[in-house]
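The values are calculated or read from the model by the stated rules, or taken from the named source; none is laboratory data. Because the structure is predicted, anything quoted here is derived from the model rather than measured. Note that each Cβ is placed from the backbone with ideal geometry, even for glycine, and that neighbours are counted across all protein chains shown. With ligands, DNA and RNA removed, areas are computed over all heavy atoms of the protein, side chains included. Shrake-Rupley method; radii C 1.70, N 1.55, O 1.52, S 1.80 Å.
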Amino acid sequence: MWVFVVLLALSGCFSATFTLTFAYVSDTVPKGDKRVAAYGLALATFGLSFTIGPMAGGYLARNVDVPEDDSAGVAMAEEIHLNEESTGERSG
């Protein structure tokens, strides 16, 4: 039971993700149809991550010896991608 409470507390710490994502979209995407499409894409991404994330985590936990390395690699790749998106730079 205590694990659930700790994980629920951590989830609450990161609950501002929706607000930050929508603020980023409204700051970077021009008004009109492009902004509506960007909001739709953001919501679809959240929905897919809630659906696919637990399945992928369960698969990695059972079939990969060290899942921490995989999650760290995915997080690093995502950070690099977000940095490139926010600065407008492309490597390669």
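Taken over region 1-25, residues that are within 20 Å of N83 (Cβ to Cβ) and of a type outside the set (F, W, Y) amount to 6. Taken over region 1-43, the criterion of being hydroxyl-bearing (S, T, Y) and within 14 Å of the chain's Cα centre (by Cα) is satisfied by S11, S15, T17, T19, T21, Y24. On the stretch given as region 29-38, residues that are in contact with a helix residue (DSSP H, G or I) (Cβ under 6 Å, 6 or more places away or on another chain) and not in a loop (DSSP other than H, G, I, E, B) total 1. V6 - would you say it is of a type outside the set (S, T, Y), part of a helix (DSSP H, G or I) and assigned by the TED database to the domain that holds S86? For V6, the condition - of a type outside the set (S, T, Y), part of a helix (DSSP H, G or I) and assigned by the TED database to the domain that holds S86 - is not met. The residues listed here are S26, S71, S11, S15; of these, the one that is part of a loop (DSSP other than H, G, I, E, B) and either touching a helix residue (DSSP H, G or I) at 6+ places or on another chain (Cβ under 8 Å) or open to solvent by 60 Å² or more (accessible area, probe 1.4 Å) (or both) is S15.
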